[in-house]
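Remarks on the structure that follows.
The values are calculated or read from the model by the stated rules, or taken from the named source; none is laboratory data. Treat the numbers as computed from the prediction; the structure is a model and nothing was measured. Here the Cβ is made from the backbone with ideal geometry for all residues, glycine too, and neighbour counts use every protein chain on show. Surface areas here come from the heavy atoms of the whole protein model, side chains and all, with no ligands, DNA or RNA. Shrake-Rupley method; radii C 1.70, N 1.55, O 1.52, S 1.80 Å.
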Amino acid sequence: RDPHSTEGERSRVAWAAMPEYGEELKQNIFWEWKPYYLNYDRLKGWIKEMEKNKCEKAINMFHEELELSLQRVHLFYLQQEKTLEKRFKECHEKTIQEEEGLDDEEEVPDSAEHANEMKALDEDIRKLQCFAEQNCEGFRKIAKKYDKNMRAVAENSDLDFSLPDQSLQDRVISAVNKFPFSDAAHRLTRMKEVLDAGKQGMNRQTSFIRHSSFGRLVSPNVELDAPLLRPQPSPWRNNASIARKVARYTEGTKAVMVITVAVFLLYKWNPTPMLTRTSYVVIWTTSLVLCFLVRQFAPDIILMCATLFLTVCGILSQQDAWAAFSNDVVLSVAGLGVVAYAVEKTGIIDVVFSVLLGKPASLPIAMLRLFVPAVLLNVCISNTCVMSCLMTVIDKWSTEIGHPKAFFLMPLSYLLLISGTFAIFSTSTNLIAQGLLISHGLPGFNMFDLAIPALCCTGVAMVYLILVVPVLLRRFAIKDESANSRKSLQARQMLNRYDARIQITGRTFKGQTLNKSELLNKLSGGMRDIVSCERYGAFVHGLSEEHVLELDDILWIRTTVEGIVKLFQVPGVSMLALDLSDEWATVDQSSRDLVEAVLDKESPLIGHRLGSAKKYRPEYECPIIAYRAFNDNQGEDNASVDSPGAGADIGATPETRLRRGDHIILNAASTFYSTFKDSSDFVVLRRVSGDGDGDTFEKEKAATAGCILLGLVALVSTSTLPLLEAVMVALAAMVFFNITTMDAIVKAVKLRTVLTIVGAFGLGKAIGQEGVANILAEMLIFLLSPFGSRGLLVAVFAATVALGVIFHGTAVVVLMFPICLEVAQSMDIPIHQLIAVLCLSVSCQMLSPISYQTNLMAYSTGGYQFADFTKVGFGLVICIAVVTIPICEWQFPK
């Protein structure tokens with residue numbers, strides 16, 4: 001405290017440090033009652049709209065919202081009070097029954113169940129009193145804010161704003177005093193006194209209120225200026241959060257301790273003199289890296305920290321540790337990503353495929369017409385870019401030709417993976433293998449040395465997928481053209497449904513049945529999509545089309561994206577935020593879009609509650625209105641929900657923890673999509689409402705970008721320029737022809753990918769130079785040498801595929817390369833033969849949807865089950881192995 005500051009200055013500082021009421025309300029809110037609070041943020045939003053637009057519509061919307069909020073709080077309070085009264089009487093009657101079976105001298109038996117019931121009742125009374133007092137204060141605060149802002153609008157506006165004689169704050173306080181919830185403290189006091197007396201062991205002579213309603217206990221007048229009781233944070237929630245953090249820390253510590261003890265015992269045993277003390281440090285570091293990668297820690301952070309640790313320990317020199325920063329292969333990977341991004345932004349891929357796909361009559365022809373041009377394009381552009389561009393094209397095209405998109409998305413992902421090995425510059429894993437060869441003083445591959453093996457594997461994969469996918473995924477097929485069959489297909493396609501809640505806020509719906517309200521026409525599955533109806537905290541199950549709607553009813557629904565979009569556009573229906581943020585208030589509804597997002601492992605939301613999502617990504621500034629979990633049951637029907645109020649089956653409550661692959665729908669600003677489209681927070685981000693992606697298509701720029709891309713391929717394939725120089729020339733040409741800008745290029749560089757490669761290079765160098773790779777290679781040779789060189793190739797293929805299920809492809813190549821090098825030297829197998837098998841096998845990340853980004857993209861919109869990827873992918877991996885090994889032996893002989 002500054003002794004020289006004035007009292008006024010000190011009071012202003014103290015006032016500035018006080019939290020805003022809206023934020024305080026969010027921190028102390030009871031989330032299960034959230035839809036029945038006054039919508040403070042929305043009311044504040046309408047006040048901002050008045051200041052911004054100075055229109056009568058915003059003023060009318062504010063007053064209508066305020067009136068509806070008063071009615072909503074009032075009716076909910078009465079319903080909860082009635083429920084508490086019923087529970088209170090049941091508790092009292094149970095006590096009377098227990099006492100009537102005893103003599104006067106005997107004491108009431110101590111029933112743990114009865115005590116818990118009284119404790120729960122006491123807690124619910126406290127909650128209801130807090131709810132009432134929070135809303136009383138909220139109404140007063142928002143009315144005071146309205147008066148202040150309206151005076152400012154009237155003073156600064158040229159329009160004629162006439163202010164009433166009595167302030168809104170006075171009118172609101174007068175109105176609130178007429179509602180029972182304003183008198184909650186007195187109305188609930190008698191019940192609390194009786195409960196407190198019961199806890200102290202009072203006998204049956206105690207006077208109970210058995211028949212009077214709480215409204216007759218006290219005078220309705222209440223002093224609103226009295227200090228308000230603020231609800232304290234739930235100790236259970238805090239303790240649970242602490243317990244989870246302790247459990248996660250303990251679990252990670254246990255893994256580190258186990259690895260440390262195991263490596264220490266191995267060091268003491270020292271089975272071979274080839275391993276030095278520093279070798280065991282490398283083994284310990286590599287084991288920890290693998291452990292953390294399995295636990296889904298960010299690979300760039302883990303690998304960079306591992307390389308830094310080995311450098312600090314003196315095991316790696318600075319030149320060896322960070323040499324990849326100056327490696328032309330690493331720089332080429334970064335540059336090719338920028339080229340692909342610039343080409344994608346022009347929209348040329350969408351246009352070309354819209355022309356090439358056409359309308360084939362049969363499914364095999366349709367698959368061929370998609371696969372062949374996609375494979376050709378994959379030679380020039382990264383598979384992730386091709387997949388993201390084609391997803392929207394396939395979505396529309398599959399509907400037009402009458403075949404489900406599930407027959408195209410997963411097979412396309414697999415083909416893009418294997419065909420990406422066609423040229424050395426086609427994928428980052430090929431480039432990493434090339435860079436490792438050169439860094440070890442070995443000759444690298446020619447640009448198209450892997451073309452023949454890759455082409456053969458791609459052809460086999462294409463035939464396999466065309467034949468097998470319609471069989472293994474036959475549940476998606478339309479067996480005939482009858483209406484029943486198409487209805488069955490529509491039902492199966494609806495299985496990818498989102499959990500959401502809508503609240504009836506429009507007066508036009510009051511008294512209407514579900515059938516007459518036309519809400520059923522908006523839902524993709526009609527009545528089947530409505531799980532339950534919540535009316536002021538009480539749930540109504542088994543709804544029919546004749547169910548009568550009332551204001552403030554909350555419908556718990558599970559419906560498709562299309563259903564969410566249609567409901568979002570219905571006036572009088574509010575999409576409730578699952579992250580406890582408030583509905584956006586705006587006069588211009590076109591300024592808001594619905595955006596579907598699939599969370600990636602880099603998202604800061606991962607691991608946190610749905611209800612606290614805004615805390616960890618406040619810059620999104622958009623509520624989450626629908627949620628679909630990433631789990632093994634995707635694609636299975638969960639139509640029945642028994643107790644949505646408890647969150648047992650509805651799947652989306654504020655306590656739900658977000659995971660990688662979870663789907664959310666955001667009520668976002670119109671600029672959100674363009675701002676976060678390329679963010680690493682999301683695997684997929686797409687608009688599901690609005691006017692499209694917002695990227696304008698310009699024919700001249702698209703054609704120029706296509707020519708530059710073809711020129712890049714020609715320069716590299718003819719060895720006119722090295723890859724890095726060719727990439728730089730292509731980027732310079734794109735800037736010159738105004739296809740992109742330098743700022744866009746800088747933003748498009750995937751720095752985290754570069755850091756992952758650099759860290760992996762350093763760790764791989766340590767594994768090789770400290771003899772760890774030599775020991776692993778000797779073990780591999782000892783076990784498989786009886787099977788000859790082909791047995792070792794099979795082992796390398798199998799080990800790479802197994803590691804690829806969990807680890808990033810770059811890390812797998814770097815970890816396996818030293819082993820392949822030692823095997824080649826010991827068994828006199830051509831190193832290029834082993835590395836070719838390594839490059840092809842690392843592309844076989846086909847056994848789960850989380851193995852690779854394109855798989856996760858397909859899973860996010862294809863309606864697959866988790867096991868579908870294993871069923872289709874396992875057979876494909878076997879076919880690729882059968883083709884790869886003999887062709888690589890032929891292509892790279894001794």
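Give segment 538-572 a look and list any residue that's outside any loop (DSSP other than H, G, I, E, B), open to solvent by less than 10 Å² (accessible area, probe 1.4 Å) and closer than 12 Å to LEU520 by Cβ, or say none.
LEU555, ILE557, THR559, GLY563, LEU567
I need a count of the residues in segment 435-470 that are of a type in the set (S, T, N, Q) and either farther than 16 Å from CYS888 by Cβ or surrounded by fewer than 17 Cβ atoms within 10 Å (Cβ to Cβ) (or both).
Here the count works out to 2.
How do the pairs read when you match residues in segment 271-292 that are under 13 Å from LEU303 (Cβ atoms) with residues anywhere that are open to solvent by 50 Å² or more (accessible area, probe 1.4 Å), using Cβ under 7 Å and keeping only pairs 6 or more apart or on different chains?
THR285/PHE309
Taking ILE775, is it over 22 Å from ALA461 (Cβ atoms), open to solvent by 20 Å² or more (accessible area, probe 1.4 Å) and not polar (S, T, N, Q)?
Yes.
What is the residue count in segment 521-534 for residues that are part of a helix (DSSP H, G or I) and either open to solvent by 40 Å² or more (accessible area, probe 1.4 Å) or modelled with pLDDT of 85 or more (or both)?
Residues flagged as part of a helix (DSSP H, G or I) and either open to solvent by 40 Å² or more (accessible area, probe 1.4 Å) or modelled with pLDDT of 85 or more (or both) within segment 521-534 amount to 4.
Out of the residues in segment 650-704 that are on the phi > 0 side of the Ramachandran plot and more than 12 Å from the chain's Cα centre (by Cα), which is modelled with the lowest pLDDT?
Among them, the one singled out is GLY694.
Would you be able to say whether some residue in segment 191-208 is modelled with pLDDT of 80 or more and either part of a loop (DSSP other than H, G, I, E, B) or open to solvent by 70 Å² or more (accessible area, probe 1.4 Å) (or both)?
There is no residue in segment 191-208 that is modelled with pLDDT of 80 or more and either part of a loop (DSSP other than H, G, I, E, B) or open to solvent by 70 Å² or more (accessible area, probe 1.4 Å) (or both).
Would you mind telling me which numbered condition in (1) within 39 Å of the chain's Cα centre (by Cα); (2) among the aromatic types (Phe, Trp, Tyr); (3) farther than 16 Å from THR429 by Cα PHE797 fails?
Unmet for PHE797, out of (1) within 39 Å of the chain's Cα centre (by Cα); (2) among the aromatic types (Phe, Trp, Tyr); (3) farther than 16 Å from THR429 by Cα: (3).
I'd like the full set of residues that are open to solvent by less than 60 Å² (accessible area, probe 1.4 Å), part of a helix (DSSP H, G or I) and either in contact with a Phe, Trp or Tyr (Cβ under 7 Å, 6 or more places away or on another chain) or at pLDDT 85 or above (or both), limited to segment 304-320.
Across segment 304-320, the qualifying residues are MET304, ALA306, THR307, LEU310, THR311.
Of all the residues that make up segment 800-826, how many are under 22 Å from VAL282 (Cα atoms), open to solvent by less than 40 Å² (accessible area, probe 1.4 Å), among the hydrophobic types (A, V, I, L, M, F, W, C) and part of a helix (DSSP H, G or I)?
11
Can you tell me which of THR421, THR392 is touching a Pro at 6+ places or on another chain (Cβ under 9 Å) and either open to solvent by less than 10 Å² (accessible area, probe 1.4 Å) or part of a helix (DSSP H, G or I) (or both)?
Exactly one of THR421, THR392 is touching a Pro at 6+ places or on another chain (Cβ under 9 Å) and either open to solvent by less than 10 Å² (accessible area, probe 1.4 Å) or part of a helix (DSSP H, G or I) (or both), namely THR421.
List pairs: first residue in segment 346-362 and in contact (Cβ under 8 Å) with a residue 24 or more places away in the chain, second residue open to solvent by 50 Å² or more (accessible area, probe 1.4 Å) anywhere in the structure, Cβ distance under 7 angstrom, at least six positions apart or on different chains.
THR346/LYS701; GLY347/ASP695; GLY347/PHE697; VAL351/PHE697; LEU357/ARG369; LYS359/GLU400; PRO360/ARG369
Looking only at segment 335-387, which residues are of a type in the set (A, V, I, L, M, F, W, C) and assigned to a loop (DSSP other than H, G, I, E, B)?
ALA361, VAL379, CYS380, ILE381 - these are the residues of segment 335-387 that are of a type in the set (A, V, I, L, M, F, W, C) and assigned to a loop (DSSP other than H, G, I, E, B).
Hey, PHE131 hits all of (1) surrounded by 20 or more Cβ atoms within 10 Å (Cβ to Cβ); (2) in contact with a Leu (Cβ under 9 Å, 6 or more places away or on another chain); (3) modelled with pLDDT of 80 or more; (4) under 30 Å from LYS82 (Cα atoms) but one; which does it fall short on?
(2)
With the requirement that a residue be in contact (Cβ under 8 Å) with a residue 24 or more places away in the chain, of a type outside the set (Lys, Arg) and more than 26 Å from HIS663 (Cα to Cα), what does segment 521-540 give you?
If the condition is that a residue be in contact (Cβ under 8 Å) with a residue 24 or more places away in the chain, of a type outside the set (Lys, Arg) and more than 26 Å from HIS663 (Cα to Cα), then TYR536, GLY537, ALA538, PHE539 are the ones that fit.
What are the residues in segment 341-372 that are within 19 Å of MET410 (Cβ to Cβ) and of a type in the set (A, V, I, L, M), if any?
Within segment 341-372, LEU357, LEU363, ILE365, ALA366, MET367, LEU368, LEU370, VAL372 meet the criteria.
Is it the case that segment 103-122 has a residue that's modelled with pLDDT of 75 or more, assigned to a helix (DSSP H, G or I) and among the basic types (Lys, Arg)?
So far as segment 103-122 goes, yes, one or more of its residues are modelled with pLDDT of 75 or more, assigned to a helix (DSSP H, G or I) and among the basic types (Lys, Arg).
Could you check segment 171-186 and list, in sequence order, the residues that are of a type in the set (A, V, I, L, M, F, W, C) and under 17 Å from LYS82 (Cβ atoms)?
Result: PHE179, PHE181, ALA184.
Within segment 827-842, can one find any residue that is assigned to a helix (DSSP H, G or I), modelled with pLDDT under 85 and over 29 Å from VAL684 (Cα atoms)?
yes
Each row is one residue, and each column tells you yes or no for (1) within 17 Å of ASN327 (Cα to Cα); (2) surrounded by 15 or more Cβ atoms within 10 Å (Cβ to Cβ); (3) free of Cβ contacts under 8 Å to residues at least 60 places away in the same chain.
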| site | (1), (2), (3) |
| --- | --- |
| VAL716 | no, yes, no |
| THR720 | no, no, yes |
| ALA733 | no, yes, yes |
| ASN738 | no, no, yes |
| ALA748 | no, yes, no |
| VAL754 | yes, yes, no |
| ALA760 | yes, yes, no |
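Name the residue, out of LEU331, LEU376, LEU368, that is under 18 Å from MET734 (Cβ atoms), out of contact with any Phe, Trp or Tyr (no Cβ under 8 Å at 6 or more places or on another chain) and open to solvent by 60 Å² or more (accessible area, probe 1.4 Å).
After ruling out the rest, the residue left standing is LEU331.
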